[in-house]
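S.K.: Let me begin by handing over the structure; questions about it come next.
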Amino acid sequence: MLTVTNLNSGYGKLQVLYDLNIEVPGKGITVIVGPNGAGKTTLMSSIMGIARVTSGEIIYENIPIQGELTHNLAKKGISYVPQMGNVFAELSVMDNLNMAGFLMPRDEVKKKSEQMTEIFPVLKKFIHRDAGTLSGGERRMLAIAMGLMKNPKLMLLDELSTDLAPIIAEKVMMEVARLRDELGITILMVEQMAKRALEIGDNAYLMVSGEVRYSGKADDLLHEPELCSMYLGIKPDSGQIADVAKPSVEGSEE
Ligand SMILES: Nc1ncnc2c1ncn2[C@@H]1O[C@H](COP(=O)(O)OP(=O)(O)O)[C@@H](O)[C@H]1O
Ligand SMILES: [Mg+2]
């Protein structure tokens, strides 16, 4: 569905990505893992037309999309949930959903936001609360719901689990699997919670210093003890998870 070929990109004069090749097949979860600063977010922002692409190709459904404006990509069915989510803290949950449906016909917005509260019952419960008062996990659900408002075919999710208590991060991961399994959405997901992401993912890339160090089945990467311990903080054969980003426990989570 999405093919990135020989991508070089960065910010201003700084080159971050070097000859990157990424393939995102339809209806699956493609996971990007790698240490901090590897360029994972830069890959997302290159696809979304935010970082500066110097060469290479980004093809979505057989059409080159480099240089497309973000809202045109949304119209084409690509939705982007940035790192830490992009909710409007001072607006209610309902107004956030309405904002996400900006430029959509009013009855369609209503129908979609009702659908979102069915998919995420917690949003229904807090529909009139300011998004800023939601817990970290609830905010992440709202950010996903906002991304879903425009019926995306492809969702780019950047580190949804960051700063969530492990049990809440696990819930968010299960929701991502549900997007694939129940809604048939194709997902490109960057995750620090590498072990869980690779367990639910189909294909995976390990990025190190702006280059691809591994590509293949997500599950197979978990059986590469050297890569796992060197770059992902996953200890081999101990059965233990030592994720690089140890999620901090959020005080008032569920
Ligand atoms: N807006 C920006 N302007 C300049 N440099 C940036 C910007 N965003 C990220 N970088 C740099 O690009 C490199 C890769 O960052 P990033 O893509 O955020 O990595 P990751 O998401 O894998 O942690 C880092 O060296 C970072 O400092
Ligand atoms: Mg990042």
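The values are calculated or read from the model by the stated rules, or taken from the named source; none is laboratory data. What you are looking at is a predicted structure, and each value in this text was computed from that prediction instead of being measured. Virtual Cβ from ideal backbone geometry, glycine too; neighbours counted across all protein chains shown.
S.K.: Looking only at residues that are assigned to a loop (DSSP other than H, G, I, E, B) and surrounded by fewer than 22 Cβ atoms within 10 Å (Cβ to Cβ) in region 118-149, which one is farthest from ligand 2 (Cβ to nearest atom)?
M.R.: 128
S.K.: Kindly evaluate residue 200 against the criterion of being away from ligand 2 (no atom under 16 Å from the Cβ) and modelled with pLDDT of 95 or more.
M.R.: For residue 200, the condition - away from ligand 2 (no atom under 16 Å from the Cβ) and modelled with pLDDT of 95 or more - is met.
S.K.: Of (1) more than 12 Å from ligand 1 (Cβ to nearest atom); (2) free of Cβ contacts under 8 Å to residues at least 12 places away in the same chain, residue 13 satisfies all except one. Which?
M.R.: Only one criterion in (1) more than 12 Å from ligand 1 (Cβ to nearest atom); (2) free of Cβ contacts under 8 Å to residues at least 12 places away in the same chain is unmet by residue 13, namely (1).
Results for (1) modelled with pLDDT under 95; (2) in a helix (DSSP H, G or I); (3) more than 12 Å from ligand 2 (Cβ to nearest atom); (4) not β-branched (Val, Ile, Thr), shown as yes or no for each residue.
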site	(1), (2), (3), (4)
38	no, no, no, yes
41	no, yes, no, no
44	no, yes, no, yes
49	yes, no, yes, yes
55	no, no, yes, yes
58	no, no, yes, no
68	yes, no, yes, yes
73	yes, yes, yes, yes
83	yes, no, no, yes
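S.K.: Same structure, new question: Any residue in region 47-69 that's free of Cβ contacts under 8 Å to residues at least 24 places away in the same chain: show its pairings with residues that are surrounded by 14 or more Cβ atoms within 10 Å (Cβ to Cβ) and not acidic (Asp, Glu) at Cβ separation under 6 Å, as long as the two are six or more apart or on different chains.
M.R.: Listed pairs, sorted by first residue: 65/58; 66/53; 66/58; 68/49.
S.K.: Something else now. Being more than 16 Å from ligand 1 (Cβ to nearest atom), surrounded by 19 or more Cβ atoms within 10 Å (Cβ to Cβ) and at pLDDT below 95 narrows it down to one residue among 193, 173; which is it?
M.R.: Within the list 193, 173, the selection yields 173.
S.K.: I've got another one for you. Do we find a residue being more than 17 Å from residue 232 (Cα to Cα) and either surrounded by fewer than 21 Cβ atoms within 10 Å (Cβ to Cβ) or at pLDDT 95 or above (or both) anywhere in region 203-213?
M.R.: There is no residue in region 203-213 that is more than 17 Å from residue 232 (Cα to Cα) and either surrounded by fewer than 21 Cβ atoms within 10 Å (Cβ to Cβ) or at pLDDT 95 or above (or both).
S.K.: Can you tell me which residues in region 1-36 are assigned to a loop (DSSP other than H, G, I, E, B) and within 16 Å of ligand 2 (Cβ to nearest atom)?
M.R.: Of everything in region 1-36, those that are assigned to a loop (DSSP other than H, G, I, E, B) and within 16 Å of ligand 2 (Cβ to nearest atom) turn out to be 34, 35, 36.
S.K.: Given the conditions (1) surrounded by fewer than 20 Cβ atoms within 10 Å (Cβ to Cβ); (2) away from ligand 2 (no atom under 16 Å from the Cβ); (3) β-branched (Val, Ile, Thr), which single one is not true for residue 78?
M.R.: Result: residue 78 passes all but (1).
S.K.: Sticking with this one: From (1) away from ligand 2 (no atom under 16 Å from the Cβ); (2) in a strand (DSSP E or B); (3) more than 21 Å from residue 201 (Cβ to Cβ); (4) in contact with a Leu (Cβ under 9 Å, 6 or more places away or on another chain), pick out the condition that doesn't hold for residue 115.
M.R.: All conditions pass for residue 115, except number (2).
S.K.: Looking at the structure I just gave you, is residue 122 modelled with pLDDT under 95, within 26 Å of residue 191 (Cβ to Cβ) and β-branched (Val, Ile, Thr)?
M.R.: It is true that residue 122 is modelled with pLDDT under 95, within 26 Å of residue 191 (Cβ to Cβ) and β-branched (Val, Ile, Thr).
S.K.: Answer yes or no as to whether residue 26 is under 19 Å from the mean Cα position of the chain (by Cα), away from ligand 1 (no atom under 13 Å from the Cβ) and either buried (at least 16 other Cβ atoms within 10 Å of the Cβ) or over 28 Å from residue 199 (Cα atoms) (or both).
M.R.: Considered against the rule, which asks whether it is under 19 Å from the mean Cα position of the chain (by Cα), away from ligand 1 (no atom under 13 Å from the Cβ) and either buried (at least 16 other Cβ atoms within 10 Å of the Cβ) or over 28 Å from residue 199 (Cα atoms) (or both), residue 26 comes out as no.
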